[in-house]
1. Against the definition (in a loop (DSSP other than H, G, I, E, B), of a type in the set (A, V, I, L, M, F, W, C) and under 18 Å from the mean Cα position of the chain (by Cα)), how does Ala64 come out, yes or no?
2. Against the conditions (1) among the hydrophobic types (A, V, I, L, M, F, W, C); (2) buried (at least 23 other Cβ atoms within 10 Å of the Cβ); (3) at pLDDT below 95; (4) within 13 Å of the chain's Cα centre (by Cα), where does Cys144 fall short? Just the number, please.
3. Is it the case that some residue within the stretch 94-117 is assigned to a helix (DSSP H, G or I), open to solvent by 30 Å² or more (accessible area, probe 1.4 Å), closer than 20 Å to Pro65 by Cβ and not aliphatic (A, V, I, L, M)?
4. Please list, ordered by first then second residue, the pairs with beta carbon atoms under 7 Å, 6 or more apart or interchain, first in the stretch 111-139 and at positive phi, second assigned to a helix (DSSP H, G or I).
5. Take Gly290 and tell me if it is out of contact with any Gly (no Cβ under 6 Å at 6 or more places or on another chain), surrounded by fewer than 19 Cβ atoms within 10 Å (Cβ to Cβ) and either within 30 Å of Arg185 (Cα to Cα) or free of Cβ contacts under 8 Å to residues at least 24 places away in the same chain (or both).
6. Select, from Arg248, Arg271, the only residue that is in contact with a helix residue (DSSP H, G or I) (Cβ under 8 Å, 6 or more places away or on another chain) and surrounded by fewer than 21 Cβ atoms within 10 Å (Cβ to Cβ).
7. Given Ala114, Ala134, which one is more than 15 Å from the chain's Cα centre (by Cα) and more than 19 Å from Ala82 (Cβ to Cβ)?
8. Check whether at least one residue in the stretch 161-169 is hydroxyl-bearing (Ser, Thr, Tyr) and more than 11 Å from the chain's Cα centre (by Cα), and report yes or no.
Amino acid sequence: MRRVVFVVFEGFQAVDLVGPHAVFHYAQQAAGGYDCRVVAPQAGPVRSSSGLPMLAEHGIGDLAPEGLDTLVVVGGAGVAEARRDPGLVAWIAAAAAGARRVASVCSGALLLAATGALAGRRVTTHWARARQLAEEHPELTVDCDPIFLRDGRVWTSAGVSAGMDLALALVEDDHGPELALAAAREMVLYLRRPGNQSQFSVPLWSAQPASDPVRTAVRAVQDEPGARHTVASLADRAGLSPRHLQRRFTAELGMGPAAYVERVRVEAARRALTEADEPVAALARRLGFGTAETLRRTFHRRVGIAPGEYRERFGAANTRTDLED
């Protein structure tokens, strides 16, 4: 029997708990082997960040930190206050030291990092918390792009729904893909978004342009991803010299025009792959990649899997026979 303990606190994000807990509950009903517990600083009702109360059946004073299989620390707006609770931090540190696996959901990484359990690890968290985590914990390698990461026995995930992807991966790690697939089907989830799939989509993954010239160039790319966008053509639209646009674009968005065009095209390809069965070669031409091979290489570098595999996992229909990895 694997004991899975979820740590909550006042102001936790309800979905960070309910989603992963439901995945493990289904696995327990289908195959057994899991004993799920919820622990808080004190046993009893714990109010989530949305105001929804949850019942923590255990307080840290009555549940020993030893003997855990998997420790899951959730996130939420109350994580800052939770990190200032020495009793809770000490309990999590003791539980993490002895657990077979340690995991965090969303900003739960901040609480877990405060215990030292993430030291030296490559981790992820919600994109809005990534800078804070990196600045406060330079001993970590923070990668805010993937929806979840595994570094040895430590698993971390991005925000909210990514916790369910993480839980499916943990179940698959224990029981294999068949049980994880059954859980995903029961809960109407994808099985499973790859951990290195980006948590961003346009325009979340970049800052918003601060000036009208750059805003004009950005709008042109987003409106027609497949058009021929060069630095010169975008500069002409923006009314700037190519060199001036390059500097302004990089300063305002954190990347140059070429990188931005590539990311917008990849996002457009992701949407197209899930919405229709257009052949990859035609899709590549329409979105400005030129060839299917260029699309495949770029997509794999940005998303972590090939276009065909992405469509198999997330498309509304089965892949066409002309889709190749």
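The values are calculated or read from the model by the stated rules, or taken from the named source; none is laboratory data. Nothing here was measured: the structure is a model prediction, and the numbers come from that model. Backbone-built Cβ (ideal geometry, glycine too); neighbour counts: all protein chains shown. Side chains are part of the model used for accessible areas, which takes the heavy atoms of the whole protein and leaves out ligands, DNA and RNA. Shrake-Rupley method; radii C 1.70, N 1.55, O 1.52, S 1.80 Å.
1. No; evaluated as a whole, the condition is false for this residue.
2. Here Cys144 meets the rest and fails (2).
3. yes
4. Gly116/Ala93
5. Against the criterion (out of contact with any Gly (no Cβ under 6 Å at 6 or more places or on another chain), surrounded by fewer than 19 Cβ atoms within 10 Å (Cβ to Cβ) and either within 30 Å of Arg185 (Cα to Cα) or free of Cβ contacts under 8 Å to residues at least 24 places away in the same chain (or both)), Gly290 qualifies.
6. Within the list Arg248, Arg271, the selection yields Arg248.
7. Ala134
8. No, the stretch 161-169 contains no residue that is hydroxyl-bearing (Ser, Thr, Tyr) and more than 11 Å from the chain's Cα centre (by Cα).
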